[in-house]
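The values are calculated or read from the model by the stated rules, or taken from the named source; none is laboratory data. Worth saying up front: this structure is predicted, and the values here are computed from it rather than measured. FYI the Cβ positions are ideal-geometry reconstructions off the backbone, even for glycines, and counts take in every protein chain you see.
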Amino acid sequence: MNPNKKALFAVLGFLLLALGLLSLVFGAIGIRFVFLGWLDAFHPIITLLIHLGMLFGGILIMYLSLTDWHEGQLREDSDSDELEETQA
């Protein structure tokens, strides 16, 4: 993946994580974000589930965007090359 896309998704995941966490904490003490006011129209359990979904969704997006998926493959290739060199 393009490094710029990885950074963009990492920032998006962090913002979603922070927004979900802050809305949970602020909601516990009675403070609401104005732009999330439409969530108050739902049942409180549904609102809680949406906030938790934002929190864990942000964590998941950050994890997936910051993971180097090719790292293990490169290590296996370099380990096999070193093994062949020592056997020769």
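Summary table below
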item	result
Selection within region 3-13 - surrounded by fewer than 16 Cβ atoms within 10 Å (Cβ to Cβ) and among the hydrophobic types (A, V, I, L, M, F, W, C)	Ala7, Leu8, Val11, Leu12
Qualifying residue in region 1-12 (condition: part of a loop (DSSP other than H, G, I, E, B), of a type in the set (A, V, I, L, M) and farther than 13 Å from Gly58 by Cα)	yes
Enumeration of residues in region 18-64 that are surrounded by fewer than 16 Cβ atoms within 10 Å (Cβ to Cβ), in a helix (DSSP H, G or I), modelled with pLDDT under 95 and not aliphatic (A, V, I, L, M)	Phe26, Phe35, Gly37, Trp38, Asp40, Pro44, Tyr63
